[in-house]
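Only one structure is covered here, and it is reproduced in the block below.
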Amino acid sequence: MVKMKDNSQSLTKNHEDLKFKDPVLVTKPLLPDLEKYNEYLERIWDKQWLTNNGPIVNEFKEKLKSKLKSDHVEVFSNGHSALEIAIQSLNLKGDVITTPFTFASTTHAITLNNLNPIFCDINRENYNIDVSLIEELITDDTSAILPVHVFGNPCDLKKIDKIAKKHDLKVIYDAAHCFGVEFDGIPISQFGDISMFSFHATKVFNSIEGGALTFNDSDLILKLKALKNFGITPEVETVDYIGQNAKMNEFEAAMGICNLELIGHAIEMRKNIYELYENNFKEVSAIKTIKIDPKVKSNYAYFTILLDSNQQRDFLFKKLHQSNVFVKKYFYPSANEFPVYNYDLNLSVSKKVSDCILSLPIYPDLSLDTVNKISELIILFLNEFEKFNV
Ligand SMILES: *Cc1c(COP(=O)(O)O)cnc(C)c1O
């Protein structure tokens, strides 16, 4: 049973009063001023260069190197292709230890490379891979670990690094949620062999669609460039790999450059929203939020609440949708339960978290009034649930 502070006052309110007239979505894309974007469109029209390693893509890449604080950055048409190519570039074999609590892309990127995803359960604090369970999954067939920095909270980087070194494994981080995140003053791009960042429209930072890899080994530069362009090695024009088409175009890079100017302010606005939600729920025992590690410079990519039970989560989901608040079950279900994988494994924490989690609206221009109103609705509906489910 949930325990709640006295909210009898809000219980007396009419639900219709609290329903939003206009839908509140879980996220909204960061968009620059149209005039600013138009300047880039004019450049594209002048040059008549739309894709294939164009000047705006190169300008974007240079800016990303300083933003992500990495000497080596390659940009791609999307984060998923970047991740697939990252895996392909490392010539892995056999098994890859990964997390079940992620977006479908992570698991598919492993499987599409003809490797086996080996699911390791997650921790209860920030829902990242449980590092204490990794070693028991390592066999002679294991070639890499592919953890996800879920919701922008870094994994236990030092522990993963130690395990990888000890067993001679590669580490690829799915850092799709991690744009601009640092740990202990070190940019997240500095950890592991390769990190993948997604610039999809729904992410903290976007280039419409898009993604990037950061990496430390300069030997990978030419290979990654080839793999995103049909395996063709630039300059010499031979085909050295079986590559795909995953090139970023000029329009996407232009959006990325424009949005880079806004991202600092956007993250500050997200922080205000995140902290307000956190404060609104701090006395609500039915709601568990993720505590951001004080060593982490966060990007406040998502605000999630973990409920006590699946019934409570689904009740809240339904009620909020009826009130025009389009919260998301994210991630749900746990990847091992996707019908295409359907691995019968006992990953109890991942199951519990995916059954009980809700992602709440958070984007830079979401008003604090709206955040308060959403919080109030949630508390009201939780009280209602408790009333009928004692
Ligand atoms: C968004 C996302 C991806 C895929 O990125 P795209 O740019 O949409 O292809 C991969 N992993 C995670 C965890 C994501 O959230």
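The values are calculated or read from the model by the stated rules, or taken from the named source; none is laboratory data. Computed from a predicted model, the values in this text were never measured in an experiment. Every residue, glycine as well, gets a Cβ built from its backbone with ideal geometry; the counts of neighbours run over all protein chains shown.
Miscellaneous remarks
- Members of region 341-369 that are under 19 Å from Glu278 (Cβ atoms) and exposed (fewer than 15 other Cβ atoms within 10 Å of the Cβ): Ser367, Leu368, Asp369
- Of the residues Tyr302, Tyr341, the single one that is within 25 Å of Ser198 (Cα to Cα) and at pLDDT below 95 is Tyr341.
- Some residue of region 180-192 being in contact with a Gly (Cβ under 6 Å, 6 or more places away or on another chain) and within 16 Å of the ligand (Cβ to nearest atom): yes
- Lys225 vs. criteria surrounded by 16 or more Cβ atoms within 10 Å (Cβ to Cβ), within 16 Å of the ligand (Cβ to nearest atom) and charged (D, E, K, R): no
- Of all residues in region 75-106 being hydroxyl-bearing (Ser, Thr, Tyr), assigned to a helix (DSSP H, G or I) and closer than 25 Å to Tyr330 by Cα, the one that is farthest from the ligand (Cβ to nearest atom): Ser81
- Residues located in region 66-104, provided they are closer than 17 Å to Gly152 by Cα and hydroxyl-bearing (Ser, Thr, Tyr): Thr98, Thr99, Thr102
- The set of residues in region 300-333 that are within 16 Å of the ligand (Cβ to nearest atom) and either within 16 Å of Thr102 (Cα to Cα) or over 23 Å from the mean Cα position of the chain (by Cα) (or both) comprises Ala301, Tyr302, Phe303, Thr304, Lys328, Lys329, Tyr330, Phe331, Tyr332, Pro333.
- Residue match in region 38-51 (condition: loosely packed, with under 15 Cβ neighbours inside 10 Å, modelled with pLDDT of 95 or more, among the basic types (Lys, Arg) and out of contact with any helix residue (DSSP H, G or I) (no Cβ under 6 Å at 6 or more places or on another chain)): yes
- Within region 344-390, being at pLDDT 95 or above and either of a type in the set (Lys, Arg) or part of a strand (DSSP E or B) (or both) holds for Lys351, Lys352, Ile357, Leu358, Ser359, Leu360, Lys373.
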